[in-house]
Amino acid sequence: MKILVVDDEEDVKSLFEQKFRREIRAGQFEFSFAFSGEEALAFLAQHPSEVVMILSDINMPGMSGIELLRSIRREHPSAPPQVMMITAYGDSANHDQAMELGADDFLTKPVNFIELKEKLLNTI
């Protein structure tokens with residue numbers, strides 16, 4: 001499964017690679033990383049229909065995760081990737097807005113990687 005992780009904190013790359021090293025080695029997951037909403041849209045334009053799951057932070061400078069989600073749902077209505085929103089703020093306003101815009105799931109930081117791994121394995 002090809003997963004695009006979108007987060008403005010660049011240390012998230014090494015964290016995901018560490019937490020999912022077994023699954024990456026086994027070929028279950030292939031991670032790509034974008035460090036802004038704009039970079040994520042450019043990646044999706046260059047790799048149409050490859051990405052199955054997007055894990056996006058909500059609070060990022062420039063384009064927020066909510067704006068990214070809105071754009072993804074508008075640009076990929078026929079076969080959209082699943083989108084899981086991740087935020088440090090578990091407030092109901094962010095949650096409700098993300099779900100209304102078509103998010104498939106919502107997680108809060110710090111990410112529970114055991115829970116995330118189970119969710120990802122269940123989507124394969």
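The values are calculated or read from the model by the stated rules, or taken from the named source; none is laboratory data. Every value quoted in this text rests on a predicted model; they were computed, and no experiment measured them. A quick note on method: Cβ atoms are made from the backbone with ideal geometry, for glycine too, and the neighbour counts reach across all protein chains shown.
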Among the candidates Ile24, Ile54, single out the residue that is over 15 Å from the mean Cα position of the chain (by Cα) and either closer than 22 Å to Ile124 by Cβ or at pLDDT 95 or above (or both).
Ile24
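Output the residues belonging to region 71-87 that are surrounded by 12 or more Cβ atoms within 10 Å (Cβ to Cβ) and either assigned to a helix (DSSP H, G or I) or among the small types (Gly, Ala, Ser) (or both).
Taking region 71-87 and keeping what is surrounded by 12 or more Cβ atoms within 10 Å (Cβ to Cβ), we get 71-73, 75-76, 80-87.
Hits for region 71-87 are Ser71, Ile72, Arg73, Glu75.
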Need pairs with beta-carbon distance below 7 Å; first residue at negative phi and assigned to a loop (DSSP other than H, G, I, E, B) and within region 102-124, second surrounded by fewer than 16 Cβ atoms within 10 Å (Cβ to Cβ) and of a type in the set (Ser, Thr, Tyr); sequence gap 6+ or separate chains.
none
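Let's see how each residue does on (1) among the hydrophobic types (A, V, I, L, M, F, W, C); (2) assigned to a loop (DSSP other than H, G, I, E, B); (3) touching a His at 6+ places or on another chain (Cβ under 6 Å); (4) within 21 Å of Lys109 (Cβ to Cβ):
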| residue | (1), (2), (3), (4) |
| --- | --- |
| Val12 | yes, no, no, yes |
| Leu15 | yes, no, no, yes |
| Gln28 | no, yes, no, no |
| Phe31 | yes, no, no, yes |
| Glu39 | no, no, no, yes |
| Ala42 | yes, no, no, no |
| Ser49 | no, yes, no, no |
| Pro61 | no, yes, no, yes |
| Ile66 | yes, no, no, yes |
How many residues, within region 38-95, are without any contact (Cβ under 8 Å) to a residue 12 or more places away in the chain and within 26 Å of Asn112 (Cα to Cα)?
4
